[in-house]
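In what follows, a single structure is set out as structure tokens and then discussed.
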Amino acid sequence: MSVRVRFAPSPTGKLHVGSARTALFNWLFAKHHRGAFVLRIEDTDQKRSNPAFLQDIDASLAFLGIVADEGPIFQSQRAALYREHAERLLQAGQVVEREGAVVFPVAPQTVTFADLLHGDITVDTSLFESLVLMKSDGTPTYNFACVVDDALMRISHVIRGDDHIANTPKQVLLYRALGFPLPVFAHIPLIVGVDRARLSKRFGATSVDEYRQVGYLPEAFVNYLVLLGWSPGGNRELIAGQELIEAFDLAKVRKAAAQFDQRKLDWLNSQYLKRTPLPRLAALLAERLVAKGWLPADYDRTWLSRIAALLQDRLRVLEEIEEEHAFFFREPPDYEGEAVEKYLRGDGVAERLLELRERLSRLAAFDTPQIEAATRALVAERQLASKELIHPVRVAVTGREVSPPLFETMAILGKAKVLSRLEHAATALARRS
Ligand code: GLU
């Protein structure tokens with residue numbers, strides 16, 4: 001039997017992290033078995049469906065590298081099919097019409113279906129007396145459209161979230177009534193937040209798009225999502241691309257809810273950032289900075305590569321370039337009030353900064369070794385502790401108490417900016433004695 005799976009989002013919101021993982025597990029399963037991944041858009045509820053969400057789903061799947069083999073297929077364009085199958089059930093006397101709706105009466109019984117992860121699940125149908133298949137406005141209900149489509153699309157495995165377990169026995173009854181063979185079901189566990197509550201909008205980011213904007217790399221995000229409930233075995237954590245496809249095993253997905261762990265995601269992302277070829281990293285950073293208007297479109301590529309190289313091992317997410325490292329691009333930089341208070345207000349600080357400025361202005365080459373030598377020479381001659389000069393210089397040049405290695409940072413900023421910042425700090429920020 002050839003593997004055919006589907007991902008069936010409703011365009012009623014942005015693509016949520018939980019749905020993204022469902023899509024990913026389906027896609028990995030399909031690729032692993034050289035099968036097909038079908039994208040079906042469940043948009044029968046026209047009032048709640050929105051083209052903007054459709055676009056978000058497309059963009060988010062593309063970001064994750066998930067490409068559909070078939071589709072998108074829109075349920076809103078298949079109304080005639082659902083009517084035809086409802087008619088068939090009507091002819092067979094299996095459903096009744098009630099106030100314009102088509103209703104499937106359910107006799108009390110137990111329904112058992114096999115779930116790839118949970119084993120056999122048995123449900124007593126006295127919980128639901130009847131199922132509405134077609135609403136009085138002529139649109140199908142989710143359960144009916146889902147069964148008709150999964151059957152007609154010859155879906156072999158229905159892989160979806162645990163939150164649909166309650167729907168499956170109803171769908172099993174519909175498969176039987178329609179005379180369709182059952183697919184294999186696999187209900188994958190929900191993702192919960194740190195407090196084990198269902199991941200919801202109240203707890204920070206929930207859509208893939210938000211994570212993309214913060215600056216998670218697609219391969220890191222995919223790696224993280226797949227580890228929510230599955231692991232490649234051993235102590236291995238980093239896995240991507242073809243290797244991930246080969247290793248992925250749906251049957252080994254854990255049954256328990258998976259807890260979303262932001263720190264783990266950050267750690268994984270920093271691992272991928274470290275391994276990103278420098279030109280790609282620089283291009284990713286530039287894209288953000290140009291969009292923000294902090295870099296011209298014809299920015300100096302060599303200069304940006306030096307910044308990317310300096311930050312490569314320090315960034316957890318790309319967004320940090322606009323936060324901790326904005327001082328590379330802003331003139332004057334934003335000065336942290338506390339750092340100014342702590343390091344620039346001391347006696348003699350202004351004089352020391354101006355003296356260093358003077359010495360740096362005379363350097364033949366404004367490179368890391370020369371900047372360092374000039375700074376250390378001043379420290380020695382004035383019999384200072386290094387930190388008495390280095391801390392104020394760091395604040396003067398970067399506006400911050402913590403920065404990447406100072407001399408390298410100064411070399412990259414360049415002579416003109418460093419001199420002007422030292423002067424600004426000495427004359428406008430330090431207390432002059
Ligand atoms: N449109 C449903 C959802 O987004 C699909 C559920 C299913 O996969 O059957 O939850």
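Among Ile159, Ile121, which is crowded, with 19+ Cβ neighbours inside 10 Å and under 30 Å from Lys31 (Cβ atoms)?
Just one listed residue meets the conditions, Ile159.
Is there any pair with a first residue in segment 1-24 that is touching a residue at least 12 places away in the same chain (Cβ under 8 Å) and over 10 Å from Ile57 (Cβ atoms) and a second that is hydroxyl-bearing (Ser, Thr, Tyr) and assigned to a helix (DSSP H, G or I) whose Cβ atoms are under 9 Å apart and which are 6 or more apart or on different chains, and what are they?
Correct list of pairs: Val17/Tyr211.
Of everything in segment 124-155 that's polar (S, T, N, Q) and buried (at least 16 other Cβ atoms within 10 Å of the Cβ), which residue is farthest from the ligand (Cβ to nearest atom)?
So the residue we want is Thr125.
What pairs can you find where one residue is in segment 159-172 and more than 21 Å from Arg254 (Cα to Cα), the other is outside any helix (DSSP H, G or I), and their Cβ atoms are less than 7 Å apart, with a gap of 6+ or different chains?
Pro169/Val111; Pro169/Phe113; Pro169/Val123; Lys170/Phe128; Lys170/Leu131; Val172/Val111; Val172/Phe113; Val172/Leu182
Looking only at segment 308-363, how many residues end up being over 25 Å from Asp266 (Cα atoms) and not in a loop (DSSP other than H, G, I, E, B)?
20
Does segment 38-75 hold any residues that are among the aromatic types (Phe, Trp, Tyr) and out of contact with any strand residue (DSSP E or B) (no Cβ under 6 Å at 6 or more places or on another chain), and which are they?
Passing the criteria: Phe53, Phe63.
Among the residues of segment 347-383, write down those that are among the acidic types (Asp, Glu), over 13 Å from Phe407 (Cα atoms) and surrounded by 16 or more Cβ atoms within 10 Å (Cβ to Cβ).
The answer is Glu355, and nothing else.
Just wondering, is there one or more residues in segment 40-52 that are among the hydrophobic types (A, V, I, L, M, F, W, C), farther than 24 Å from Asn269 by Cβ and within 11 Å of the ligand (Cβ to nearest atom)?
Yes, some residue in segment 40-52 is among the hydrophobic types (A, V, I, L, M, F, W, C), farther than 24 Å from Asn269 by Cβ and within 11 Å of the ligand (Cβ to nearest atom).
If only one of Ala186, Ala177, Ala151 is farther than 25 Å from Gln55 by Cβ, modelled with pLDDT of 95 or more, not in a helix (DSSP H, G or I) and not basic (Lys, Arg), which one is it?
Testing whether each residue is farther than 25 Å from Gln55 by Cβ, modelled with pLDDT of 95 or more, not in a helix (DSSP H, G or I) and not basic (Lys, Arg) leaves just Ala186.
The values are calculated or read from the model by the stated rules, or taken from the named source; none is laboratory data. Please read these numbers as outputs of a predicted model, since none were measured by experiment. Reconstructed Cβ throughout: ideal geometry from the backbone, glycine too, with neighbour counts over all protein chains shown.
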